[in-house]
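Okay, structure first, notes after.
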Amino acid sequence: MFGSLKALPADPILGLLAKYREDSNPHKIDLGVGVYKNEAGHTAILDCVKAAEKYRNDHEDTKVYIGPTGSPVFNEEMSKLIFGHHKVLIENRARTVSTPGGTGALRVAAEFIKSCKAGATIWVSNPTWANHTGLFEAAGLTVKTYPYYDHENKSLDFDGMLAALKEVSSDDAVLLHACCHNPSGMDLNNEQWQQVVEVAKDVGFLPLVDMAYQGFGIGLDEDAYGLRLMAENVKEMIVCSSCSKNFGLYRERIGGCTIIGESSAAVDVAQSVLLYVIRVIYSMPPAHGAALVETILSSDELRTQWHAELKVMRDRINGNRQLLVDKLVENGVTRDFSFITRQMGMFSFLGITLEQVQQLQDEYSIYMVGSSRMSIAGIANSNVDYLAQSIAKVL
Ligand code: LMR
């Protein structure tokens, strides 16, 4: 059976992790996988997570099955985090289930869409997270793209995006990034969100909003602006969220999939299908990460601490954007990289060629995705001079 298989290349993002770890150059820099790093280059466990883990160790008294929805407390706290004080919660039209990370949420959402319509089409931004397309196709959806990032002008091709979305069928789903667009860092502003919401209302497509970076852009509420506006205006919608980045719970695999229905009764029916989808894939989600998140979100003290720790991460990444741009200028680079400071979240394209990306890796041990997507969190005061000098050389 296995003899017919052809080896596949390593994942374009995760494959960089292994290469970076094997590199013995003391100056190596990891701008590959989207993982927050502190000034020392370490992905530390948040203090609020440590406290929640201690609490859980002291209080957990069973490991019995939890069921396909996961923890009801986690699901409720996540709904509040995502939507705030929102009419879909007041009208009881939203159902959140815990999932194995944001990727698990997306896969469950894709299978759910397939249950609604076999072979449905989902539109994704061009470009989008490298795993979106494979993940949706693996679930049997047809993937098409709408224009998004204008590489030439380092800006959003908003006219192209809007024009394409107007042509989408009412039977299709459209994937939108809530904030901190991965890979471009180019977000819609509030006015642009209002226009996209109008198109969604007119066309009637199903919005699937991926929110993997809530709190990494401007703030927890600000980053959810577009998603909340969309939820106020459409009858049905799906939100996939992740606690990997904002809680630093990368390996715990905890996220959520929320479906919003036209009515409370309609969403109950939809949820029964969602639960079936979950049951036949992985039966039920892991509980540990959810327990940590619910402990933090349901405690005033830990939630306040989390907000402060999240702000430190966000501010450091934003500071790194300016730092890199300043250092490039200092090192005599005349090309304008100021667009990096206008983008949000963990990523930006540096905008160099694949050959230059490869040269940075081979000659300077600087790792970024082939598209020149950089994880800005990997920049630090201690490596930014070397980074800027190396970029200057390959340019
Ligand atoms: C990324 O885009 O680097 C992260 O979302 C990690 C991943 O799984 O690809």
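List of remarks:
- Summed residue charge, Cβ within 12 Å of S264's Cβ, Lys/Arg positive, Asp/Glu negative: -1
- Over the range 65-298, Cα pairs under 8 Å with separation of 6+ residues give a relative contact order of 30 percent.
- Compared with the alpha-carbon gap, the fully stretched path from R279 to L162 is longer by 38.4 nm at 0.36 nm per residue.
- Violating pairs (Cα-Cα greater than 21 angstrom) within the set K80/K166; K144/K235; K37/K63; K37/K245; K28/K154: K80/K166; K144/K235; K37/K63; K28/K154
- Taking 7 Å steps out from each Cα toward its Cβ at K311 and L395 produces label points 3.4 nm apart.
- Distance between the range 251-283 and the range 58-136 - C-alpha centres, whole angstrom: 6
- S115-I218 FRET efficiency (beta carbon distance; Förster radius 30 Å; 0.05 resolution): 0.25
- Centre separation in Å (Cα based) which lies between the range 295-322 and the range 362-389: 24
- Residue-averaged [θ]222 nm for the chain, counting only DSSP H segments that reach four residues, each worth -39500 (n - 2.57): -14500 deg cm²/dmol
- Local electrostatic count, A377, Cβ distance below 13 Å [Lys/Arg +1, Asp/Glu -1]: +3
- Sparsely packed loop sites in the range 16-75 (the chymotrypsin sites (Phe, Trp or Tyr not before Pro) outside DSSP H, G, I, E and B with at most 15 other Cβ atoms within 10 Å) comprise Y65.
- Trypsin sites (Lys or Arg not before Pro) restricted to DSSP loop in the range 311-361 with at most 12 other C-beta within 10 Å: R335
- Relative contact order of the chain, defined on C-alpha pairs under 8 angstrom at six or more residues apart (%): 26
- Label-point gap, in nm, between D171 and R251 - each point 7 angstrom along Cα→Cβ: 4.6
- If the segment from S299 to L8 were pulled out straight at 0.36 nm per residue, it would be longer than the present Cα-Cα gap by 100.2 nm.
Where a number appears in this text, it was derived from the coordinates with a stated rule and is not lab data. Values in this document were obtained by computation on a predicted structure and should not be read as measured data. Glycine gets a Cβ as well: all are built from the backbone with ideal geometry, and neighbour counts include every protein chain shown.
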